[in-house]
1. Show which lysines lie in cross-link reach of A:Lys32 when reach means a straight Cα distance below 29 angstrom and same-chain residues fewer than eight apart are skipped.
2. Using the C-alpha gyration tensor of the protein assembly as shown, what are the square roots of 5 times its eigenvalues, in whole angstrom, with the largest one first?
3. Using 13 Å as the cut-off for backbone N distance, which residues of the stretch C:34-55 belong to the label zone defined by a point 7 Å from the Cα of C:Asp122 along Cα→Cβ?
4. Any of C:Lys143/C:Lys332; A:Lys60/C:Lys63; C:Lys36/C:Lys378; C:Lys51/C:Lys244; B:Lys63/C:Lys145; B:Lys159/C:Lys168 with alpha carbons more than 23 Å apart? Name them for me.
5. Using amide H atoms built 1.01 Å from N in the peptide plane, name the residues 5+ places from C:Gln314, or on other chains, whose amide H lies under 5 Å from its own.
6. Against the globular-protein guess of 2.2 N^0.38 Å, express the Cα radius of gyration of the stretch B:197-243 as a ratio, rounded to two decimals.
7. I'd like the mean, over residues of A:70-79, of how many other protein chain beta carbons sit within 10 Å of each residue's own Cβ.
8. How do A:Leu232, B:Leu105, A:Leu132 rank when sorted from fewest to most other Cβ atoms within 10 Å of their own Cβ?
Amino acid sequence: MSNHNHQDTASVTTGVNDASEGMSYLDGGIRKLIHVYLPLSIIMVVLIFPFYWMVLTSIKPDAQLINMDKFNPFWVVEPTFKHIQKLLFESEYPRWLWNTMYVSVVATALSLFASVFAAYALVRIRFKGAELVGAMIFLAYLVPPSILFIPLATIIQAYGLFDSPMALILVYPTILIPFSTWLLMGYFKTIPYELEECALIDGATRLQILVKIILPLAVPGLISASIFSLTLCWNEFIYALTFLSSTQNKTVPVAIVSEFVDGDIYRWGSLMAGALVGSLPLVILYSFFVEHYVSAMTGAVKE
Amino acid sequence: MAHNAVGRPQASFQRTERSLMQRLSNDRNWLGAAFMLPAAVILIMFLAYPLGKGVWLSFTDAKIGRDGVFIGLENYEWLSDDKIFWLSVFNTLFYTVIASVIKFLVGLYLALLLNEKLPFKSLIRSIVLIPFVVPTVLSAIAFWWIYDSQFSIISWSLKNMGLITENIDFLGSPDNARLSLIFANIWRGVPFIAITLLAGLQTVSPSLYEAATLDGATRWQNFRFVTFPLLTPIIAVVMTFSVLFTFTDFQLVWAMTRGGPVNATHLMATLGYQRAILAGNLGEGAAISTAMIPFLLFAIMVSWFGLQRRKWQQGGSDE
Amino acid sequence: MTTLNRRNLLKGAGAVGAMSATGLLDFAKAWAQTMKWKPEANATLNVLRWKRFVQAEDDQFMKIVAAFSQATGVKMNISNESFDDMQPKASVAANTGQGPDIAWGLHSLPHLFPEKCLEVGDVADYLGKKYGGWFPAPEATCKAKGKWIAIPTAINGGYINYRISSMKKAGFSTFPDKTDGFLELCKAMKANNTPAGFALGHATGDGNAWIHWLLWSHGSYLVDDKEKIIINSPETVKALEYAKKLTDTFIPGCASWNDSSNNKAFLAGDLHLTANGISIYVGAKADKALNPIAEDMDHAKFPVGPIGKPQELQLTFPMLAFKYTKVPNAAKAFMAFVLEAENYNPWLEAAGGYLTHPLMAYDANPIWTKDPKNAVFKDAARNTLPASGIGPVNEKAAAAIADFVMLDMVANYCTGREDIKGAIAIAERQAKRIYR
């Protein structure tokens, strides 16, 4: 990999020489303001607004929701914690949150385990037909869950997993493995083969190489794969809706919708409070890992 | 890389004593199969079989709670001159293409911005990820409220600024509804693309830019000839997944419009769901989702071979 | 799984008082002595129900459940699922043969999998004889090929909701009972800037209700009693022309409305006439700030169209038991128990007018006279046609409703996407696909 970079730069530098005579650019404050801060703030505002709206709705008294002439909808007077309180103490929310976490974490761990081996085999063992198998994995995304769940339900039932978190733990990897495998394949490719070669000469087995050499170097890949996987599990709806039936087993997105939509009346405050509280664990996780995730990856490639 | 390199270590092992275990662990095919096993078991058990069954259903007249009999291509024949079906095909392509392109452009732009020296770096990055984290159903419900025909905050603001006099009918007219949904999809999808591309950007060594800048490259040239080529592999991966997930999107549309107004926002996934689950015609719903397969295959092929070609172009045929 | 969830029970107990609860239990015990269906030993009954409209109804229902459980020893598990998520769950259950024993959902539910439903003719006959007979539409909705496959427990009536002052301002002292007058009213209301509006989006309840009234009242039906497709008719053309004139008077945005949109707009004072259940009124009565709206609003029957008799589509809530259940007797006993007068009357009252009885004897329930504004909803079961119109009720009719064939036809024309011929042709094509 590193060789290529140098080659590329070489060609770039020669190619570019004539075209750009003295086009040096200043990193001046105003320039940065216009080129970085301004567009960044605009995008950030757009990205954050619906979330802000959810926060606002979750603490707004119901009467202010549809009275836009009297109350400025961008703000809230007399905020109420009624919705959040109702969510946390009068519903089984903590239980749902726990279910969601449990299912997500176990399904993610399972997927990563399977993906690490699969990716390693595809990239480094290069067995006969690896290319084909690699392509086959992505067939996983060919049919959307919105239809797949009916035939899948028959299988879940045949294995006796109905209304059990195990159903989701086993089904979610089908959405997670292909992505994680692909991601990890990319990382494994960036790890110099020389390292592995030396170990092989020293008589290490493939498993030892994978665990002792490859995995530590692939930590950033593992982190990004698990973050992605966790999020997908966290947000999944159809499987969670159809494979789990008892209230105490439900996951957050499903439970919130069935708990706070009464016929033709939406309990906006509680719905949004649920979305908010349900996202918090992930937000915290992300704020902790984002830096790690980005910078660790840099380290891996520099090797 | 792998091909050439593996030869040597194997040769060195040949001199050592060979137990069965060792032989197996050195046989690439056996080892490869063993390593693939966990993934294969899960995927075959929970995916290959239902997928096959789904395709089979599309050739039957199965209803919910009743096994169908084989009817050949009848479901497909009915679909072939079904205006609503073709509308859903159009909608799906429109939705996927527009949303993916914009997601890519905005995501890349955002990644470049985030790659600058910024204060509160990690705070900004976590904020950027928020849309990706909120459960889709619930953010869809929030959007639905934001797009409400009477109580839209957007209409309200524009009205108060004196820019419009009537509320905008976000989800009521076909074009508005399509664009509103695409916007919500972009909102949800950009963060992941941006953060992943940002990770890719950080792998580009600053010395490359320095060298290029010394040689007089402009910002654009820096991007075009240094950044972009190095990012290509990660772009291909991210965009393939983005396209796949956009193409099969369901929750967002279902929560906001159910395919309305007048089927203008029905995607193949939502139409399939409506016909299979709500109307009970499993066979027909299965046919609609089976019809998605060629499109998805095409998307996968494009990026897969795009990826391969790129490697080759860079002189990476030894990989 | 609210296994006699103590919290739920307590919530309800406060409201109605302990006396009726013990009364229920005494009745339950006596009832259990003579019941026709002896529950299986150690039976556990899992019930999947649609998510309530009002808390009081749910509380009262849980009391019935508790009494039944105590008197018969059957363990009860009740789980709630929102309106729209009921169907996929029940479908999975029907398909896999595993899940709840009883599913209690929306009108077409049993017809999606008639062969998977337990035959409950004995329960229906018992109740029908005892309580004055079933109204024809709920009966038709719960029967497949002449056999009862579900018990209609209630009908969710949807009627015209309007603001009295706005109607008067538009020059009408009483609500018009013919479609012509109704159009004039809507026109005048639009002119006064107090517009009407009905949901034209894919709204399972409100949307289907009013467009079926509109088409049927003009004599436009999808299929006849022999399943011949008759949608392409002069009556349909007339109905669509009327629909166009009517929707032109609507508040903007109706095409995107789902079931909850009109509630919001009405309570905010933007919308002055719509088709809905009693939920708007109940909501307005419950909230002090909205009391003026409750006082100024009333309900009216759908106006009669050219064919000269009332034509309505109201949602039935059938309760069905799956064939795979291991406790068919317990399921039947429970269904019968719920509809016994001692249980049903307080429950219907607690539902506050959202629900209407399918058995004629319950016409006397005080809910219909307690508040004159409730009265309209009393006849929901009497006046409605089954969801199939004049055609037979079966899985195809259920599919046509679920696929929004009629709703899309009206919306297609009224939003200007298709001309009359095009809109009808699309609907006809869809009907042929479903009735092939």
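Values in this text are rule-based calculations from the coordinates and carry no lab data. Every value quoted in this text rests on a predicted model; they were computed, and no experiment measured them. Positions of Cβ are backbone-derived with ideal geometry, glycine not excepted, and every protein chain shown enters the neighbour counts.
1. The qualifying lysines are A:Lys302, B:Lys103, B:Lys117, B:Lys121.
2. 54, 34, 27
3. Output list for this probe position: C:35-40.
4. In this structure, A:Lys60/C:Lys63; C:Lys36/C:Lys378; C:Lys51/C:Lys244; B:Lys159/C:Lys168 exceed 23 Å between Cα atoms.
5. C:Leu385
6. 1.25
7. Taking the mean over all residues of the peptide, I get 1.
8. A:Leu132, B:Leu105, A:Leu232
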